[in-house]
Amino acid sequence: MNNNPIGVFDSGLGGLSIWKELEKQLPNESFIYFADSGNCPYGPKSVDEIQSLSHKIVRFLIHKECKLIVVACNTATAAAINSLRTTYSIPFVGIEPAIKPAALKSKTRSIGILATQGTLEGQKFKDTSQKYAGNVTVHMQIGKGLVEIVERGATESQAAEKLLRTYLQPMLDGNVDHIVLGCTHYPFLIPMIRRIVGKGISIVNPANAIGLQTKRLLERYKLNAFKDGRGQNLFFTSGDPIPLRNLVRKIKGEKITPSIFQQKL
Ligand code: DGL
């Protein structure tokens, strides 16, 4: 039993789509969320740069006594999780595009994946696609510009619609029945994606699976918070705190005043 917080980090606001689910599934836990919005996006950065940023964030979270860290970013997981696991002794939960369940469930034998350049070009993704999606057609698309749109809170803008239509049309033409969201920023675009692709296509968001995996690890390492412990949330950002505050309020309700701090890396 351990009342220390769980650390959650992302290149920016996207990981809030994971935090939202963690908070729901683990109501007794406390969380420290780090948004590296000052260095966002990670997608086009080199593996070395992403590793260096991820290590800085993890050191900060460990300094804040986090007992487990969720890397709520596909791009940072692809670039840095192995090195994080070998450097620090606390458990890590990483996130990878859910192409395995999508490939298994696909009836049309055709699936789409929208992710960042770093994720789609990473070795991890290549290995998983080869292993689990060898007998389906995978329509891969880099979601260039989408992370910035979510960071700006412009998820309902014309710019968002224009980019998404361009990225999703080839998938629709390819008769996909599943679209995997391989970046934690993209679930905030689901209402727009749904309007573009219609009802018949499954949009795969891995947040629920990450919640279950975090729960399993807390149990395995006996790290659960005491039953009467009340979960608290602290938010840190290396960028502008306003969009972070707005998105937390959008998720949790306009009345709450989240505790947000600016933190340079
Ligand atoms: N949320 C990050 C991910 O899941 C976005 C990466 C970026 O900043 O480009 O990959």
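Per-structure values
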{"item": "0 to 90° range, to nearest 10: angle between helix 158-173 axis and the chain longest Cα axis", "result": "50"}
{"item": "Out-of-range pairs (alpha-carbon distance over 19 Å; input K215/K252; K64/K227; K20/K255)", "result": "K215/K252; K64/K227"}
{"item": "Under-5 Å amide H pairs with V70, H placed in peptide plane, nonlocal only", "result": "G7, V8, F9, V93"}
{"item": "Cα shape, the stretch 1-116, gyration tensor, a/c 1.5 rule", "result": "oblate"}
{"item": "Surface/4 estimate of mean projected area, convex hull on alpha-carbon atoms of the stretch 15-68, nm²", "result": "4.3"}
{"item": "The stretch 239-246 - phi-based ³J(HN,Hα) in whole Hz, Karplus 6.51/-1.76/1.60, Gly and Pro as x", "result": "x, 6, x, 5, x, 5, 4, 4"}
{"item": "Interchain or long-range residues, amide H under 5 Å from A225's placed H", "result": "N2"}
{"item": "Among D127, D240, D173, residue whose mean-square fluctuation peaks in a GNM of the chain (springs only between Cα atoms under 10 Å)", "result": "D173"}
{"item": "Among F60, F236, F226, residue whose mean-square fluctuation peaks in a GNM of the chain (springs only between Cα atoms under 10 Å)", "result": "F226"}
{"item": "Principal axes of the chain: Cα extent on each, largest first, Å", "result": "50, 38, 36"}
{"item": "Residue among Q123, Q158, Q232 with the largest mean-square fluctuation in a Gaussian network model of the chain, springs linking Cα atoms under 10 Å", "result": "Q158"}
{"item": "Restricting the stretch 236-265 to trypsin sites (Lys or Arg not before Pro) in coil, as DSSP defines it, with at most 11 other Cβ within 10 Å", "result": "K255, K264"}
{"item": "Computed E for K227/R152 - FRET, C-beta separation, R0 51 angstrom, nearest 0.05", "result": "0.80"}
{"item": "Helix 16-25 axis, angle to the chain major axis (alpha carbon atoms, nearest 10°)", "result": "60"}
{"item": "Label-to-label distance, nm, for residues given as S46 and K264 (7 Å Cα→Cβ offset)", "result": "2.4"}
{"item": "Rounded to 10°, Cα long-axis angle of helix 47-63 versus longest principal axis of the chain", "result": "30"}
{"item": "Built amide H within the under 5 Å cut-off of T137, gap 5+", "result": "S110, I111"}
{"item": "As computed over the stretch 99-205, the Cα convex hull volume per residue (Å³)", "result": "84"}
{"item": "Helix-only [θ]222 nm of the chain, DSSP H runs n ≥ 4, -39500 (n - 2.57) each, per residue, nearest 500", "result": "-13500 deg cm²/dmol"}
{"item": "Net lengthening on full extension, I196/I62 (0.36 nm per residue, minus Cα-Cα)", "result": "44.1 nm"}
{"item": "Note, ³J(HN,Hα) from phi for the stretch 251-265, Karplus 6.51, -1.76, 1.60, rounded to Hz, x at Gly and Pro", "result": "6, 9, x, 5, 7, 7, 10, x, 7, 10, 10, 8, 9, 6, 8"}
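Coordinate-derived values only; no laboratory data. Because the structure is a prediction, the values reported are computed rather than measured. Heads up, the Cβs are rebuilt from the backbone with ideal geometry, glycines too, and the neighbour counts pull from every protein chain shown.
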